[in-house]
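**Q** My questions will all concern the structure given below.
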């Protein structure tokens with residue numbers, strides 16, 4: 001299971017996004033729900049899960065937020081987030097009533113996004129970049145002795161990194177179309 005704290009201890013610069021194509025047909029190693037289209041630290045990932053791994057990206061805090069969600073692992077959150085964003089941005093692709101489905105998806109996203117307050121309360125931040133800085137400068141013994149950090153998750157905000165801000169929306173459109 002993906003642990004953001006252990007992951008954030010990787011060497012500085014190792015957690016950068018690579019837009020180089022991954023081997024065709026590979027599933028995302030986080031959610032295993034969609035085809036991997038990029039990688040971080042040689043881990044094939046889908047665009048919804050990639051921000052949880054790309055902690056060295058300069059604009060990570062505009063793309064993702066830490067939340068407290070111990071009931072769900074990062075992969076399940078990735079699958080849920082993908083479904084939310086498809087329903088919000090492509091209501092015609094979601095089953096059921098399009099506008100109602102989009103509104104329900106937005107309410108679920110807002111409930112998840114609100115969990116950033118619990119991450120702030122429990123860990124002192126809801127910023128993935130701050131998590132990276134804090135964890136990489138903290139002795140290992142101090143981290144593993146701390147209670148309550150296992151419930152941290154990284155929620156993709158539905159935006160993409162500055163180099164290609166429309167990448168995520170384009171990819172969702174393809175995924176919703178079954179491509």
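**Q** For the chain, take the longest principal axis of its alpha carbons; what is the angle in degrees between that and the long axis of helix 74-89, to the nearest 10 within 0 to 90?
**A** Once rounded, the angle reads 40 degrees.
**Q** Using the beta-carbon distance between residue 173 and residue 134 and R0 = 45 Å, what value does 1/(1 + (r/R0)^6) give for FRET efficiency, to the nearest 0.05?
**A** 0.80
**Q** For segment 150-167, list residues with backbone N below 14 Å from a point placed 7 Å from the Cα of residue 62 toward its Cβ?
**A** Only 157-167 pass the distance filter.
**Q** Fewest Cβ neighbours within 10 Å first, please rank 42, 27 accordingly.
**A** 42, 27
**Q** Mind giving me the FRET efficiency for residue 106 and residue 1? R0 is 30 Å, r the Cβ-Cβ distance, nearest 0.05 is fine.
**A** 0.60
**Q** Starting with the fewest neighbours, write out 88, 114 ranked by other beta-carbon atoms found within 10 Å of each beta-carbon.
**A** 114, 88
**Q** Rounded to the nearest 10 degrees, what's the angle between the helix 98-114 long axis and the longest principal axis of the chain, both from Cα atoms, 0 to 90?
**A** That helix lies at roughly 0 degrees to the long axis.
**Q** Among 174, 45, 110, 69, what is the fewest-to-most ranking by other Cβ atoms within 10 Å?
**A** Going from least to most buried by this count: 110, 174, 69, 45.
**Q** Run the numbers on the chain and let me know its relative contact order in percent, using alpha-carbon pairs under 8 Å that are six or more apart.
**A** 28 percent
**Q** Once R0 is set to 25 Å, what does the formula 1/(1 + (r/R0)^6) return for the Cβ-Cβ distance between residue 23 and residue 113, expressed as a FRET efficiency to the nearest 0.05?
**A** According to the calculation, E is roughly 0.15.
All of the numbers you see were taken from the coordinates with simple rules; none came from a lab. Quantities reported herein were computed from a predicted structural model and do not represent experimental measurements. Reconstructed Cβ throughout: ideal geometry from the backbone, glycine too, with neighbour counts over all protein chains shown.
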